[in-house]
């Protein structure tokens, strides 16, 4: 039985006051939620303060990125040890914006992945195709290539500690959402690929999230699909009501 995970990726949004207010509201509202894992991933400058606000709650703290070295002359970077030190439990890796805007490759994501796992943190590894790739019928090819490259060198045990997030690039921040059937098809493909790379038993235990304009009004339908184990939420995670609506939808899903 895979527990659903709802993770909010705040990206480069919200100031200090609004971040703290949002976290405090979520902590209070989700105090009695026990059947869904919840995490928020704010900008790195607020991780320390929000880690304190989340301490003792049932909401995990996540970072939006990490570097693959433990320390050194890497101006502007943040190590996994530093993230763990301020209370992080999760780290998003290979988000499409990191790949497209900052040129991150599968190899770079893979190096970060091994560092995150070595630090005892839970990585959320993102994969997904562009609109052009989908229209060209290359979705499966692109996602398979990203999975193989990004997850290279993992043991069965490490794969079980890794979350995968399928996020079709064409559905991120556009208001477009893959239909539940479209999302489920790719999630099923990913799980079958993991079965071939590791084992069927391992693949059945891996959490695979969907990310792409998930909102309170479409969450239940998406999360009810058999291979969709939660959501990596963008814009809807910036407001308490909309994020809570997604968590509540996840809480009502019976699998």
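Nothing in this text is a laboratory measurement; each read-out follows from the coordinates by a stated rule. Model, not experiment: these values are computed from the prediction. So basically every Cβ, Gly included, is an ideal-geometry build from the backbone, and we count neighbours across all protein chains shown.
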Could you identify which residue out of 213, 242, 21 has the top mean-square fluctuation in a GNM of the chain using Cα springs shorter than 10 Å? 21
Top of 243, 198, 102 by mean-square fluctuation, Gaussian network on the chain, Cα under 10 Å: 102
Computed [θ] at 222 nm, deg cm²/dmol, the chain (DSSP H ≥ 4; -39,500 (n - 2.57); rounded to nearest 500): -12500 deg cm²/dmol
For 138, 254, order by how many other beta-carbon atoms lie within 10 Å, fewest first: 254, 138
Rounded FRET efficiency, nearest 0.05, which uses the C-beta distance separating residue 145 from residue 188 and R0 of 22 Å: 0.80
Point-to-point label distance, residue 199-residue 16, nm (Cα→Cβ direction, 7 Å offset): 5.0 nm
Please give the per residue volume of the convex hull enclosing the alpha carbon atoms of region 107-225, rounded to a whole number of Å³. 108 Å³
Fluctuation leader among 190, 124, 208 - the chain, Gaussian network, Cα springs under 10 angstrom: 190
Neighbouring Cβ atoms within 10 Å as the yardstick, rank 147, 80 fewest first. 147, 80
P(r) weight above 20 Å for region 193-249, C-alpha pairs, percent: 33 percent
Quick one: in region 4-252, what % of C-alpha pairs are over 31 Å apart? 17 percent
134, 16 arranged by Cβ crowding within 10 Å, fewest neighbours leading: 16, 134
Extension gain (nm, one decimal) between residue 34 and residue 73, 0.36 nm per residue minus Cα-Cα: 9.9 nm
What is the spin-label model distance, in nm, from residue 107 to residue 3 if the labels are put 7 Å beyond Cα along the C-beta direction? 3.7 nm
